[in-house]
Amino acid sequence: MPAKGKKKSRGKSRGKKQKKPEVDILSPAAMLNLYYIAHNVADCLQLRGFRWPGAAKAKKGKGKI
């Protein structure tokens, strides 16, 4: 019978967070990706993180069908 009490998590250690590498959003690969996912200029800017006040937040994941 397992003992009751605290469960040990086997996740990543809570040490220092690794820095994310700088990504060039104007690289050819990024532009090709943006060409396929953005529908207009406002959508393009919103996907790249340039949101305006009052903009609807983007939904993550697939919706229920």
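Summary of values
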quantity	calculated
Pairwise label distance in nanometres, ALA56 with LYS19, each label 7 Å out on the Cα-Cβ vector	3.8
Accessible area, probe 1.4 Å, largest first, for residues LEU34, LEU45, LEU26	LEU26, LEU45, LEU34
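The values are calculated or read from the model by the stated rules, or taken from the named source; none is laboratory data. From a predicted model like this one, the values you see are computed outputs, not experimental measurements. Cβ coordinates were reconstructed from backbone atoms using ideal geometry, including for glycine residues, and neighbour counts include every protein chain displayed. Note: accessible area is taken over every heavy atom of the protein model, side chains too, but ligands, DNA and RNA are not part of it. Shrake-Rupley method; radii C 1.70, N 1.55, O 1.52, S 1.80 Å.
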